[in-house]
Amino acid sequence: MCGIVGYVGEEQAAPILLDGLQKLEYRGYDSAGIAVYDGTDINVVKAKGKLSALCDLTQDGEAMKGYVGIGHTRWATHGEPSVTNAHPHYNQSKSIAVVHNGIIENYQPLRDKLIRRGYEFHSETDTEVIAHLLDYYYKGDPKEAIIKVMHRVVGSYALGIMFKDHPGKVYAVRKDSPLIVGVSEHGNYIASDVPAILKYTRDVYYIDNQELAELSMHEVHFYNADLEEIVKELVTVEWDVEAAEKGGYEHFMLKEIYEQPKAVDNTISPRIKDGKLVIDELNMTEEEIRNISRIYIIACGSSYHVGMVGKYVIEKMTRIPVEVDLASEFRYRDPVLEKNSMMIVISQSGETADTLAALRLAQKLGSKVLGIVNVVGSSIAREADNVMYTWAGPEISVATTKAYSTQLVSIYMLATLFGQVRGLIDEQEYSKILKELCALPEKIQELLGDKERIQWFASKYANAEHIFFIGRGVDYASSMEGSLKLKEISYIHSEAYAAGELKHGTISLIEDGTLTVALSTQPDLYEKMISNVVEVKSRGAYVFALVSADNQGMKENADFSVVIPKTYDCFVPSLSVIPLQLFAYYVSVARGLDVDKPRNLAKSVTVE
C-alpha cells in the first residue's frame, strides 16, 4: 500500500525523502508528497501521479531546504487521487504534518465531532482527521497528544508526524501497518519498508503494534501506549542495496524470475543437514507431528494458490486433511478449528492485513500458528507461534515470482518431514524425495533457457481478449497462479478452471481462436486432460500445453507446448509456474505496460 519515509539528521532531508519514496514505488501509489521544516515553517509540496512530478516540482528536493521531513506515496482508499487528497496533511495552523498508511475506520464520527468544534476539512481522506485530532489534544507534549489519538482511533495505521514546536524531531507510531526505524551516524529514519533506507543504513528497529518512536538527529527513543520508555533490539538487515536494484534487467519482475533458482536453493539448502531434512524453527516434537488431526492454510492472492498446491501435496504425502481458506473470508464464516489442528499462514510481506487478522483469530481460538513469510521482523513473523522464513531476498515487483516459488518449496519440506515422521515415507523414498527437492533449482534454470520460444509465443497473443487456463489436481492449482499472473500485469481477462468442470458451462465461452493454456503433468490424469484438450480444440481453441516429457499424446494434440523436466510428481508446480510467469511477463511487455507497477495494485496489502 502507501509508502512512508521520514528523516532527521545532518543532511538535507528532501533529496533523502524523494530517494526513499522512489525505492517504495513498487508498493503502488497514485500521488505523492513531502513535508520539510525549513527553520521557520513546515512546507508541504504534493503532486498527483508519478513521483517524477513531485521531483520536478521540488527540483529533486533542492528547492526544499531543511534537515527534518516526512514523505508519502498514496494509494487511494478515502477520496480520489488528487493533490488535495495526497499526503502529508496539515492541521489548520500548519504546525503539525502527518503521513499515514492504513484506514481509520471511525473517521466519520471523529470528523463530525471535530467539525462541531470548529475544525475545517479540505480533503476527503481519513488521514486529515488525525492531523486535526492531534491539534485538538496537543498541549505542548507531542507524545501525550499522539497517545491520546491512538486511544481514540479505530483501524490500522502507520504514522509519521512532525510538530513545528519540536523542529528537530520526527515521531512514528503504528498499529497493523508496517513501520521501521533506521539509525545511522548522519541521522535517523522511518520507513514503511527496508528498501527505502537501505542506501543509508542496514541497522533497523521494528516497531511493534501501539509503540511510539521519537527520533532526533542522534537519538531514538521508544515508548509503549502508557508512555513508558522501552528498549528494543537493533537488527542488521543482511541483504544489501544491490539486491533491491534491477541489476541490468529491464524490469524487477524479470530479474526476480531469474533469481528463482538461487532463491529456491537458499530456502532448501540450510534445512538439509547430513542427508536429513531439519526444520528447527518448526519447534514441534515428533509426537506432536504424529498427533496433528487437521491443517488449515490461510493466505491471500498468490500465497493462497501456494495453499491450494499445499492441500494436494500435504494430503498425498501425509494423509492429514487440509482446509485452505482465503484470509479475507476466514473470519467471517465463524470457523470451527479441530482439536490438535495446526494453522499455516502464508504471506510474502508478513504484513497482509487479512492474513494477520486470521492469525490472531486462530490464536484466540486456541490454535498454534506457523507463519511462512519472506520479510524478517514483519508482523506475522513476530506474532506467529513459529515462523519459517523463505529467504527469497527483497521482492520489488508487485507480481510475485520468487516469493511464490520459495513458499512452494517450504510447503514441500513440511509435507516431506510430516510424511516421514508419520511413517508414510520410507527411507528409500525419503532419500529420493530429498534428491528431487535439491534438484529443483537446476531444473528451474533449465526452463528459464526456453524464454525465447515463450517470448515469441507471447507476442502472438498480446492482443488476446480472453485466455483460459485448465488443469487437474496440482495442475489446476498452478493454473490459478498462471491466470492471476497474466491478468494482473497484462490486464487481459483470464480464468482458471478445473478441466473437468469445462463441460458444466464454461466451454460455451470457447470460440474460434480462443487461447487455452492446458497443464498436463500428472501421469494418472494424462488421458483425461487429453480429452479436455480435444473438447476445446473441436470448438476452435488454440492450445498452449505445459507437458511432462513422456506425455506424447498431449504434445500431439497441442498447438504449442513447453516440456516440463521430470521431477517428483508433487514438486511439478515449482517447474510449471516458470513458463507461466515468463508468458505473463512477455505478454505485458508486448502490450507496452508497466510490468512492475500494474494499475490499481499494491505490493503489500495492509488494509482489509
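The values are calculated or read from the model by the stated rules, or taken from the named source; none is laboratory data. Everything numeric here is computed off the predicted structure, so don't read it as measured data. Cβ placement follows ideal geometry from the backbone for every residue including glycine, while neighbour counts extend to all protein chains displayed. What goes into the accessible areas is simple: the full protein's heavy atoms, side chains included, and nothing from ligands, DNA or RNA. Shrake-Rupley method; radii C 1.70, N 1.55, O 1.52, S 1.80 Å.
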**Asked** For segment 143-158, how many residues meet the condition of being surrounded by fewer than 21 Cβ atoms within 10 Å (Cβ to Cβ) and at pLDDT 95 or above?
**Response** 4
**Pairs with Cβ under 6 Å, 6+ apart, first in segment 435-450 and over 12 Å from Ile564 (Cα atoms) and open to solvent by 30 Å² or more (accessible area, probe 1.4 Å), second among the polar types (S, T, N, Q) and part of a loop (DSSP other than H, G, I, E, B)** = Glu436/Thr567
**Asked** Is there a residue being assigned to a helix (DSSP H, G or I), open to solvent by 10 Å² or more (accessible area, probe 1.4 Å) and either in contact (Cβ under 8 Å) with a residue 60 or more places away in the chain or in contact with a Cys (Cβ under 6 Å, 6 or more places away or on another chain) (or both) anywhere in segment 330-346?
**Response** no
**Request:** Filter segment 77-92 down to the residues that are within 22 Å of Val153 (Cα to Cα) and modelled with pLDDT of 90 or more, then identify the one that is most open to solvent (accessible area, probe 1.4 Å).
**Result:** Gln92
**Item:** Answer residue from segment 309-338, given it is among the hydroxyl-bearing types (Ser, Thr, Tyr) and in contact with a strand residue (DSSP E or B) (Cβ under 9 Å, 6 or more places away or on another chain) and is farthest from Thr521 (Cα to Cα) among those
**Value:** Thr318
**Message:** It is to be established whether one or more residues within segment 353-367 are part of a strand (DSSP E or B), of a type outside the set (Ser, Thr, Tyr), surrounded by fewer than 18 Cβ atoms within 10 Å (Cβ to Cβ) and in contact with a strand residue (DSSP E or B) (Cβ under 8 Å, 6 or more places away or on another chain).
**Reply:** no
**The lone exception for Leu17 - which of (1) within 22 Å of Arg599 (Cα to Cα); (2) in a helix (DSSP H, G or I); (3) within 25 Å of the chain's Cα centre (by Cα) it fails** = (1)
**Message:** Is it the case, given these coordinates, that Ile425 is open to solvent by 10 Å² or more (accessible area, probe 1.4 Å) and either under 25 Å from Glu286 (Cβ atoms) or touching an Asp or Glu at 6+ places or on another chain (Cβ under 7 Å) (or both)?
**Reply:** yes
**Message:** For segment 309-329, give me each residue that is assigned to a helix (DSSP H, G or I), charged (D, E, K, R) and within 23 Å of Ile425 (Cβ to Cβ).
**Reply:** Lys311, Glu315, Lys316
**Request:** Tell me which residues, restricted to segment 166-183, are more than 26 Å from the chain's Cα centre (by Cα), open to solvent by 10 Å² or more (accessible area, probe 1.4 Å) and modelled with pLDDT of 95 or more.
**Result:** His166, Lys169
**Message:** Condition check: farther than 23 Å from Ile16 by Cβ, hydrophobic (A, V, I, L, M, F, W, C) and free of Cβ contacts under 8 Å to residues at least 40 places away in the same chain. Does Ala145 satisfy that?
**Reply:** yes
**Fill in**
Subset of segment 250-292, residues under 24 Å from Ala327 (Cβ atoms) and assigned to a loop (DSSP other than H, G, I, E, B), comes to Ile279, Asn283, Met284, Ile292
**Message:** Give me the residue from segment 386-412 that is outside any helix (DSSP H, G or I) and either free of Cβ contacts under 8 Å to residues at least 40 places away in the same chain or among the polar types (S, T, N, Q) (or both) and, out of that set, most open to solvent (accessible area, probe 1.4 Å).
**Reply:** Asn386
**Scan of segment 114-131 for residues that are aliphatic (A, V, I, L, M), out of contact with any strand residue (DSSP E or B) (no Cβ under 6 Å at 6 or more places or on another chain) and either open to solvent by 30 Å² or more (accessible area, probe 1.4 Å) or in contact (Cβ under 8 Å) with a residue 40 or more places away in the chain (or both), ordered by number** = Ile115
**Message:** Going residue by residue through segment 293-308, is there one that turns out to be part of a loop (DSSP other than H, G, I, E, B) and either out of contact with any strand residue (DSSP E or B) (no Cβ under 7 Å at 6 or more places or on another chain) or under 30 Å from Gly449 (Cβ atoms) (or both)?
**Reply:** no
**Request:** Name every residue in segment 34-76 that is outside any loop (DSSP other than H, G, I, E, B), crowded, with 19+ Cβ neighbours inside 10 Å and either of a type in the set (D, E, K, R) or in contact (Cβ under 8 Å) with a residue 60 or more places away in the chain (or both), in order of residue number.
**Result:** Ala35, Tyr37, Ile42, Lys46, Val68, Gly69, Ile70, Gly71, His72, Thr73, Arg74
**Fill in**
Checked segment 99-114 for anything out of contact with any Ser or Thr (no Cβ under 6 Å at 6 or more places or on another chain) and either within 15 Å of Val5 (Cβ to Cβ) or not in a loop (DSSP other than H, G, I, E, B) (or both); matches are Val99, Ile104, Tyr107, Gln108, Pro109, Leu110, Arg111, Asp112, Lys113, Leu114
